[in-house]
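The values are calculated or read from the model by the stated rules, or taken from the named source; none is laboratory data. The structure presented is a predicted model; accordingly, all values stated were derived computationally and were not measured. Accessible surface is based on the protein model in full, side chains and every heavy atom, while ligands, DNA and RNA are left aside. Shrake-Rupley method; radii C 1.70, N 1.55, O 1.52, S 1.80 Å.
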Amino acid sequence: QVQLVESGGGLVQPGGSLRLSCAASRSIFSGYDMGWYRQAPGKQRELVASIFSGGSTNYAGSVKGRFTISRDNAKTTVYLEMNSLKPEDTAVYYCNRVNSVVRDWGQGTQVTVSS
């Protein structure tokens, strides 16, 4: 079954941290560049972090230095470590490929940063 399952979101105070996980089916994950996306209310979905099949990473300017993406190839799982969270990080977070995006997105995981 082809699927993406995100987890780990929640409510956190500004300056706090969260770790998101995305379990992907092997057909989606293996050999592909993977990314974390987010969509805030009223805004378009944006790519915030990418990890390439070789392990190199890339980040949007708004999260660089605060977020860290990683992958476990054996578990076909992608992680997003988020530190120094800001209210503007509030969004639903999704994972998917960076290229050849899978049509059926997962349900996402809600991250809310608020005092």
Open item on the list: With a cut-off of 8 Å between alpha carbons and a minimum separation of six or more residues, what is the relative contact order of the chain in percent?
Closed with: 37 percent
TODO: Read phi for every residue in the stretch 94-105 and hand back ³J(HN,Hα) as whole Hz from Karplus 6.51 cos²θ - 1.76 cosθ + 1.60, θ = phi - 60°, with x for Gly and Pro.
DONE: 10, 10, 5, 5, 7, 10, 6, 4, 5, 4, 8, 6
TODO: Would you mind checking which residues have amide H under 5 Å from TYR37's amide H? H placed 1.01 Å from N; only 5 or more apart, or other chain.
DONE: VAL48, TYR94, CYS95, ASN96
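Quantify, in whole percent, the carbon and sulfur part of the accessible surface of the chain (1.4 Å probe; protein heavy atoms only).
Exposed carbon and sulfur together represent 46 percent of the surface.
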TODO: Could you provide, to the nearest whole Å², the per residue accessible area of the stretch 1-112 with probe 1.4 Å?
DONE: 51 Å²
TODO: Could you pull out every one of the lysines with an alpha carbon less than 19 Å from that of LYS86, ignoring same-chain neighbours closer than 8 positions?
DONE: LYS43, LYS64
